[in-house]
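Asks: Got a structure for you, written out below as structure tokens; questions coming shortly.
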Amino acid sequence: MDLKEQVLIMSGVDVRKCMACGKCSGACPSYNEMEYHPHQFVSMVKKGNIEPLMKSESVYKCLTCYACIERCPRGVEPAKLIEAIRLLAVRPQGSNHIKADDIPSLLDPELPQQAIVTAFRKYSK
Amino acid sequence: MQRIGVFVCHCGTNIAATVDVKAVAEALKYEPGVVVSEEYQYMCSEAGQELIKNAIKENALTGVVVCSCSPRMHEATFRKTVAAAGLNPYMLEIANIREQVSWIHKNIEEATEKAIILGRAAIAKVHLNAPLTAGESPVVKRALVIGGGIAGIQTALDIAEAGFEVDIVEKNPTIGGKMTQLDKTFPTLDCAACILTPKMVDCAQNDKIKIYSYSEVSEVKGFVGNFDVTIKRKARYVDENKCTGCGLCTEKCPQKKVPNEFNLGLDNRRAIYIPFAQAVPKIATIDADYCTMLKSGKCGVCSKVCTVGAIDYKQQDTYVNEKYGAIVVATGFNPIKLDKYDEFAYSQSADVITSLELERLMNAAGPNGGTLLRPSDKKHPHRIAFIQCVGSRCDDGKGKSYCSKICCMYTAKHAMLIREKYPDTEVYVFYIDVRTPGKNFDEFYRRAVEEYGVNYIKGMVGKVLPEPDGTLTVRASDLLNGTQLNLSCDLVVLAAAIEPDKSARPLATMLTASMDTNDFFTEAHPKLRPVESPTAGIFLSGACQGPKDIPETVSQASACAAKVIGLLAKNTLKGNPCVAHSDELLCNGCSSCEKVCPYGAISYSDKEFRINGKMVTRRVASVNPAVCQGCGACTVACPSGAMDLRGFSNSQIMAEVDAICKW
Amino acid sequence: MLKIKLSELPILFDALSAKNKLYIPSDTKGGARFLPYENGMKLTKELNTVRSPKDLFFPQTENLMDFKLEGKKIEVIDTREECEDFVIFGVRACDVRSFEVLDRVFLSEPIDTYYKNRREHGVIVSLACNRPEETCFCSTFDIDCANPEGDVASYICGDEMYFEPLTEKGSELLLGLSCLSEGSEAPVYECKRNIYEIKSKLPLSTLSAEKFGKDMMEYFNSDKWDELSEACLGCGTCTFVCPTCQCYDIKDFDTGNGIKRFRCWDSCMYSDFTKMAHGNPRVSQKERFRQRFMHKLVYYPMNNDGLFSCVGCGRCLSKCPISMNIVKVMKKLGEGKDE
Amino acid sequence: MQMVNNEFKPKIVAFCCNWCSYAGADLAGTNRLQYPAEVKIIRVPCSCRVNPMFILRAFQRGADGVIICGCHPGDCHYTTGNYYARRRMTLLFSMLDFLGIEKERTRLEWVSAAEGQKFASTMNDFVKTVTELGENKRLEDLRCKK
Amino acid sequence: MQEMMKKKAIELLQSGEVARVLGWKKGEFDYDITPAVFESVEEIEKEFIYNSLCSPNLSKYLVKESRKEGKTLIFLKPCDSYSLSQLITEHRVIREYVYAVGIECYGKTDADTIKQKGIKGITRITENDGVLNIETLYGNEKVPVYEVLRERCVNCKSKKHPVYDELIGEEGEMVDDCERFDEVAKIEAMTPEERFAFFRNELSRCIRCNACRNVCPACTCEKCVFDNDASGIAQKAASDSFEENMFHIIRAFHVAGRCTDCGECSRVCPQNIPLHLLNRKFIKDINELYGNYHAGENIGNRSPLTDYTQNDAEPNIVYERGGKNNA
């Protein structure tokens, strides 16, 4: 199975539904942090151009806030794509980026609850 | 016993390539009742038809089976052929051996066998066919147009022009519709009122046209050529015959806090009002929801100031019954509600407006007298963002899946008008695609960009943030530059999707006219019959059928009128003879059939029968053949088998089943 | 007299069914019924079957012949086959009499060969009624349920069953059945005596048919038919459970591959019975109802030497959905006839 | 039922409404989309014209499967016909199932005039299902067997 | 109860309010009760009867009787009145010519049910306080009525009268915990093979006497399709298993949505076929798929088969739910 297929299966996203309106990127709070922007994820997955995305820091910059999913007029769900590509990149690395024991020392009382949960989702294997 | 002729068509090689047509003709020759069985290159050709005609005459045929293409293709052709040879046209059956055999099967043996079986089924059916004659019904030479917008107006004017009477039913106090609210029209930029109001006046003055304003259709009975329509005339508490439209009452009414729907609530009107100066008919209407007199019985100012005594607080809804030969639906459209699009802050900021609201803001008769000012602080906006496709092309369940079609053009118009009138104002248009097909349309859009310097940005807006300083931050991706913009604007204009008017759905039910899932009326054929509904006698004009701009609406309205005129020009209509009928001796009078009939074609009466020498009174059903469309729902609802369908009778269908299962 | 222990009946049944097809009354969810014997099947404890044994000579539906349509030609196919020998075991006296009623119809000219075929191959083993029920009135028609007719008569006495061959066919049947042993006649007499004792107590024992079999027009024109027939539903239950009803309809069934001409029981209670070109000659349920009872009580005996075509089996008494029956008809019509 | 080279070929009767499904079948033909020749179509004005009697009759005469095709709900040419058909067929199929007759032998499908592809694939699928079920034994009329 | 009914009947007959009375009439024995039309006070005094053995549903007789001159008084048990209400809805009975007297009912029995308990040779039945005193040729028995109730009464669905002009006795309510669908559910839970075997065993006994049809208050067709040669499905006898199925499926289908579950079909079947199961299956399906519906509950109701919603279940719900699916 090639990478594109894996991403599509893992994410359950139908990239063909995208009409290239860019609303995902218009809504993205991490836009400026990202090398590749949400709409580019969709368009590059569509073309099967997955490897640059896997290597890019962008997959870790996504906040998983789901604004893009919420706003997309065609129900494409870019965040799920990014998540899938991140998993694709992270899984072969073999170990968790963060261990449960490390967490208390990293906690900041200002940190929103969701960010912690998101961190688990993003940085565990 | 019928004398049946079988005619097998080669359709060139379309059939003959995969079906052994000679074998088919030969096999069917030995079926009971078959006296002649022939094959020919092209049965539908003149020579082929001649062959059938001669065979009918020479063999004194009473029934004909043509094995050829789909009956949807040539049933009518061959019916005419057999009729020309003196047979009843309904003594024909077609075995579809092209679409259902030769085109889908590759194995010649298999295909030939199937063709023979389909031929046998058709023969079995034709054995039970009976000559049918279509009933005739007279045509009432009067048309009803539901909806008095530009579509309805144009259709009515064209029909009246041809000399037929037309009634317009408009639910608002005035005709004119959405177009009255527009400022200028694309691509010519002439003023909407200047071209519309003369047509409204024409309607009022045309003695063939009768306008029922502030009225609704409440019941429709009957069928093509003979509709029986009840029109509800809502009480407007003003005697239409006395009111001169002087407007004095609308100035004196003490209730000043009524949102003015004509200006989309951007300003207020009185409880008694005339929607706008050029209203037709120009008659005042009391808004019962706000009138103090009607609500509490205390006031009566309008009545006091009215010099002609036209005010009538006791007025009631009245109902008018009228017969029509044809009904035109011209119910139009509305912008969708934007409450599901929080990201654009429409409900949070007064300075986020819809395009239609912008039309009113820019209109000389609008709330600001034509000066473009922000609704919140009445200041001049220096940077305006237009957001396209708000609710259009949406697959997310919040909006509409279709393209609303008119937004690209009117936005270009707005941008252009603003840039022309206020050159110091920057205009940004955020688009997904710019869709401007049409005569002089793309040129119009290019002018906006090239001559007027409108900034078109490809990329959808993700969020509009109302800032504390009263500005609006528009966050969007600029896809071509690969940047995210955070644009501070003074005014944001949303191109809201358009949807059919809410009154269309219940109306469709009344008319038994079909609709698509978006509540647009379905046309009889998307290409070949675009202005007719599949329900006979119902015609479609304007945006009720799909999003349309004014030029398109007007041309469809005229096309629709042409179809109506074509119908009204006939004195009688021939019906479909394949209709249900009830065997009164079997009928129990239980009303099951009546309940499932979508056309109300079944009625009951007590009839006297002589049964076993005694007179017995029984309640029995009878079908009005002019109303029945022949669906057959009643035939299955009937437990006693009294209801049957001509042309598709129980015995005919069972004979086909038998013939198919036999081999 | 031959006898066998009731507990050894299965041995007899196995022996009989080894030679011929054997039918015995056995229990089903719908009551007792004559069924082809299979190993392990038990004789019912019910007095009688719901359907009468006439089924076995005159089945509810029967194919008469076939037609074949080949192109435009019609071919007639004779589907008759010689019937194999069979034995009906445990037929009650009333039902035995019903065969005589049927014989007079089907075996008189023109002979019904389908019926004859079966009749000739059937051997009847009758069974005396030890426990008659309140619906029984066979004595009304001079039938003695203690002395059943048939080819072999049988009696259940205590835990034994006794057999007495009455005809040559019957003797032949019992010949060489090693499971049977000789028995004395005394227990059978005792059994009959018991039966007579109960018979005298039967509520319908005094019902008499004397008044019937004559006075045709008087009965026909009686004004009591209205009242008697008013509740009749016009179903065919009485007809189809009746051992003597013999009317049938002949119909063609197009199978798609040819025509099957078959006959099936019909009922004079049905509105489409004896339908002619102009319809049914008996247009109201009253007339149909009257027909059935006039036939049983008047027409048939008048044409058949006083033999009634009712045998008093009581099936219609227990099965009529609205409990109207021949006993009520006889009593009502008989009212006031004596004076 | 018929056997060709000992291979079971089911007999399938398809009732198609004139306006949608019959046109869908025509489109399947126009697009040369193949489906088995075992399927024979009977044209009816509307799916609501299909009487349960017809379905039983088909089984009696040797059909192994019966499929009814109509316009999608909401698209009925006669507005409401397919809604009635839907209720009738649901109850009928349920009753057949209740009596232990294989429910897979009956089917109701919505096929629009534009769905030639769906028509063909529906028929392919149905023929496959019925072929797997084998000969109709539970609702057969032995007199009609050859 | 019987005396109150007699009194009412005589009173209405004498006053001229009604021209005839539909009731039950004594038979030869104590159990063979016949529906009857009484036209005189004498007849009523002599022959009118009402007790736990008065099983027959009289409402169907009104199809004929309500077309006669003058009103017909009918006594209705709750389940019978559902039938009447449905007949009025279908215009088969003319309401104005009916004087309906609802009577309370605690369940009925009949000779068949008693005999199935092995009680044979019945010569006399008397009822006292809900106990039947049965004298037979072979000894006497005492049986409480509730032990020999018909199935439909054990699973009584309602003690309410949806239509009446007058009531004798107490008006009851719909029975909430009615378990009438349990048997259907049990069959649904079988495998298709078991179901097939079950119904073959039942339906193969059918002798096509038409008693079920002719007694059915929903089967009031002037001419039944099975009697009409032109219908294409006419049959007089079930000559094979197909025709047995055909008759019962079509009959159940024709009364689907109209059947009030009065249970007469099963009562009259001489072969004890539980025909009500077919009708109940339809009622159960209708209730589950289209919402609870009780035919005859209100006059003028639209039957579920002449109605629809846009969101009705698709037929493949049959494939998906209930029953074991191992076909």
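Asks: Pick from segment E:172-219 the residues that are part of a helix (DSSP H, G or I) and among the small types (Gly, Ala, Ser): which of them is surrounded by the most Cβ atoms within 10 Å (Cβ to Cβ)?
Replies: My answer is E:ALA211.
Asks: Related question: Which residues, counting only those in segment D:101-146, are more than 9 Å from chain E (Cβ to nearest Cβ), under 16 Å from the mean Cα position of the chain (by Cα) and polar (S, T, N, Q)?
Replies: D:SER112, D:SER121, D:THR122, D:ASN124, D:THR129, D:THR131, D:ASN136, listed by residue number.
Asks: Which is modelled with pLDDT of 95 or more and either part of a helix (DSSP H, G or I) or among the acidic types (Asp, Glu) (or both), of D:VAL66, D:VAL127?
Replies: From the options D:VAL66, D:VAL127, the qualifying one is D:VAL127.
Asks: Oh, and also: State yes or no: is B:LEU586 touching a residue at least 12 places away in the same chain (Cβ under 8 Å) and within 11 Å of chain D (Cβ to nearest Cβ)?
Replies: no
Asks: What strands (runs of 3 or more DSSP E) completely inside segment B:159-271 contain at least 2 residues that are within 22 Å of the chain's Cα centre (by Cα) and modelled with pLDDT under 95?
Replies: B:215-223, B:226-233
Asks: So, in segment E:281-307, exactly how many residues are more than 10 Å from every other protein chain (Cβ to nearest Cβ), in a helix (DSSP H, G or I) and crowded, with 24+ Cβ neighbours inside 10 Å?
Replies: Selection size over segment E:281-307: 1.
One line per residue, one yes/no per condition, for (1) in contact with a Pro (Cβ under 9 Å, 6 or more places away or on another chain); (2) within 14 Å of chain E (Cβ to nearest Cβ); (3) assigned to a loop (DSSP other than H, G, I, E, B); (4) at pLDDT 95 or above:
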| site | (1), (2), (3), (4) |
| --- | --- |
| C:TYR23 | yes, no, no, yes |
| C:GLY40 | yes, no, yes, no |
| C:LEU43 | yes, no, yes, no |
| C:LEU47 | yes, yes, yes, no |
| C:PHE67 | no, no, no, no |
| C:GLU109 | no, no, yes, no |
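Asks: Only one residue in C:VAL96, C:VAL91, C:VAL76 is modelled with pLDDT of 95 or more, of a type in the set (A, V, I, L, M) and in a strand (DSSP E or B). Which one?
Replies: Checking each option against the conditions leaves just C:VAL91.
Asks: Here's something else I'd like to know. Evaluate segment D:126-137: report whether one residue or more is polar (S, T, N, Q) and surrounded by 24 or more Cβ atoms within 10 Å (Cβ to Cβ). Before you say what the answer is, go through the steps one by one.
Replies: Taking segment D:126-137 and keeping what is polar (S, T, N, Q), we get D:129, D:131, D:136.
When the remaining residues are screened for being surrounded by 24 or more Cβ atoms within 10 Å (Cβ to Cβ), the result is none.
Scanning segment D:126-137, I find no residue that is polar (S, T, N, Q) and surrounded by 24 or more Cβ atoms within 10 Å (Cβ to Cβ), so the answer is no.
Here is a yes/no grid of residues against (1) in contact (Cβ under 8 Å) with a residue 24 or more places away in the chain; (2) hydrophobic (A, V, I, L, M, F, W, C); (3) within 19 Å of B:GLY459 (Cα to Cα):
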site	(1), (2), (3)
A:LEU3	yes, yes, no
A:ALA20	no, yes, yes
A:SER30	yes, no, yes
A:HIS39	yes, no, yes
A:ILE50	yes, yes, no
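Asks: Looking at segment C:324-331, can you tell me whether even one residue there is surrounded by 15 or more Cβ atoms within 10 Å (Cβ to Cβ) and in contact with a strand residue (DSSP E or B) (Cβ under 6 Å, 6 or more places away or on another chain)?
Replies: Checking segment C:324-331: at least one residue is surrounded by 15 or more Cβ atoms within 10 Å (Cβ to Cβ) and in contact with a strand residue (DSSP E or B) (Cβ under 6 Å, 6 or more places away or on another chain).
Asks: Got a number for residues in segment E:258-280 being in a loop (DSSP other than H, G, I, E, B) and within 16 Å of the chain's Cα centre (by Cα)?
Replies: Within segment E:258-280, residues that are in a loop (DSSP other than H, G, I, E, B) and within 16 Å of the chain's Cα centre (by Cα) number 12.
Asks: Select from segment E:220-257 the residues that are more than 8 Å from every other protein chain (Cβ to nearest Cβ), under 18 Å from the mean Cα position of the chain (by Cα) and assigned to a loop (DSSP other than H, G, I, E, B) and list them in ascending order.
Replies: Within segment E:220-257, E:GLY257 is the sole residue that qualifies.
Asks: Also, I was wondering about something else. Output the residues belonging to segment B:7-35 that are within 14 Å of chain C (Cβ to nearest Cβ) and not in a loop (DSSP other than H, G, I, E, B).
Replies: Of everything in segment B:7-35, those that are within 14 Å of chain C (Cβ to nearest Cβ) and not in a loop (DSSP other than H, G, I, E, B) turn out to be B:GLU26, B:ALA27, B:LEU28, B:LYS29, B:VAL34, B:VAL35.
Asks: Report, by residue number, each residue of segment A:59-83 that is under 8 Å from the mean Cα position of the chain (by Cα), surrounded by 22 or more Cβ atoms within 10 Å (Cβ to Cβ) and either polar (S, T, N, Q) or part of a helix (DSSP H, G or I) (or both).
Replies: Scanning segment A:59-83 gives A:VAL59, A:PRO78, A:ALA79, A:LEU81, A:ILE82.
Asks: Here is a follow-up. Pick out the one residue from C:GLY279, C:GLY306 that is over 27 Å from E:ARG205 (Cα atoms), within 13 Å of chain E (Cβ to nearest Cβ) and out of contact with any Leu (no Cβ under 7 Å at 6 or more places or on another chain).
Replies: C:GLY279
Asks: Do any helices (runs of 4 or more DSSP H) lying entirely in segment E:1-83 carry at least 2 residues that are surrounded by fewer than 24 Cβ atoms within 10 Å (Cβ to Cβ) and within 14 Å of another protein chain (Cβ to nearest Cβ), and which ones are they?
Replies: Helices (runs of 4 or more DSSP H) meeting the threshold: E:41-47, E:62-65.
Asks: E:LYS7 - would you say it is among the basic types (Lys, Arg) and within 29 Å of B:VAL616 (Cα to Cα)?
Replies: The answer is no for E:LYS7.
Asks: Every residue in segment D:51-100 that is closer than 20 Å to D:ASP125 by Cβ and facing chain E (nearest Cβ under 7 Å), please.
Replies: Correct list: D:ARG86, D:MET89, D:THR90, D:PHE93, D:ASP97.
Asks: Quick check on this structure: which one of B:SER477, B:SER404, B:SER392 is assigned to a loop (DSSP other than H, G, I, E, B), in contact (Cβ under 8 Å) with a residue 12 or more places away in the chain, at the interface with another protein chain (Cβ under 10 Å from one of its Cβ atoms) and buried (at least 21 other Cβ atoms within 10 Å of the Cβ)?
Replies: None of the others qualify; the one that does is B:SER392.
Asks: May I pose another question? Regarding segment C:177-190, can at least one residue be identified that is surrounded by fewer than 20 Cβ atoms within 10 Å (Cβ to Cβ) and within 14 Å of chain E (Cβ to nearest Cβ)?
Replies: No, segment C:177-190 contains no residue that is surrounded by fewer than 20 Cβ atoms within 10 Å (Cβ to Cβ) and within 14 Å of chain E (Cβ to nearest Cβ).
Asks: Let me ask something additional. Out of the strands (runs of 3 or more DSSP E) lying entirely within segment B:569-646, which hold 1 or more residues that are of a type in the set (D, E, K, R)?
Replies: Answer list for segment B:569-646: B:572-574, B:602-611, B:614-623, B:643-645.
Asks: So for segment B:87-99 (the condition being in a helix (DSSP H, G or I), crowded, with 24+ Cβ neighbours inside 10 Å, facing another protein chain (nearest Cβ under 7 Å) and touching a residue at least 12 places away in the same chain (Cβ under 8 Å)), does at least one residue qualify?
Replies: For segment B:87-99, residues in a helix (DSSP H, G or I), crowded, with 24+ Cβ neighbours inside 10 Å, facing another protein chain (nearest Cβ under 7 Å) and touching a residue at least 12 places away in the same chain (Cβ under 8 Å): present.
Asks: Here's something else I'd like to know. Yes or no: E:CYS209 modelled with pLDDT of 95 or more, at negative phi and within 10 Å of chain C (Cβ to nearest Cβ)?
Replies: Taking the combined requirement at face value, the residue does not satisfy it.
Asks: Here are E:ILE44, E:ILE74, E:ILE49: which of them is of a type in the set (Val, Ile, Thr) and more than 29 Å from E:MET174 (Cα to Cα)?
Replies: The match here is E:ILE44.
Asks: Right, something else. Just give me the residues in segment C:200-234 being within 10 Å of chain E (Cβ to nearest Cβ), closer than 30 Å to C:ARG131 by Cα and touching a residue at least 40 places away in the same chain (Cβ under 8 Å), in sequence order.
Replies: C:LEU202, C:PRO203, C:LEU204, C:LEU207 - these are the residues of segment C:200-234 that are within 10 Å of chain E (Cβ to nearest Cβ), closer than 30 Å to C:ARG131 by Cα and touching a residue at least 40 places away in the same chain (Cβ under 8 Å).
Asks: Could you check how many residues of segment B:618-663 are of a type in the set (Lys, Arg) and touching a His at 6+ places or on another chain (Cβ under 8 Å)?
Replies: Final tally of qualifying residues: 2.
Asks: Could you check segment C:311-339 and list, in sequence order, the residues that are within 23 Å of E:LYS26 (Cβ to Cβ) and not in a helix (DSSP H, G or I)?
Replies: Correct list: C:GLY312, C:GLY314, C:CYS320, C:PRO321, C:ILE322, C:SER323, C:MET324, C:ASN325, C:GLU335, C:GLY336, C:LYS337, C:ASP338.
The values are calculated or read from the model by the stated rules, or taken from the named source; none is laboratory data. Every value quoted in this text rests on a predicted model; they were computed, and no experiment measured them. When we count neighbours, we look across all protein chains shown, and the Cβ atoms used for this are built from the backbone with ideal geometry, even at glycine.
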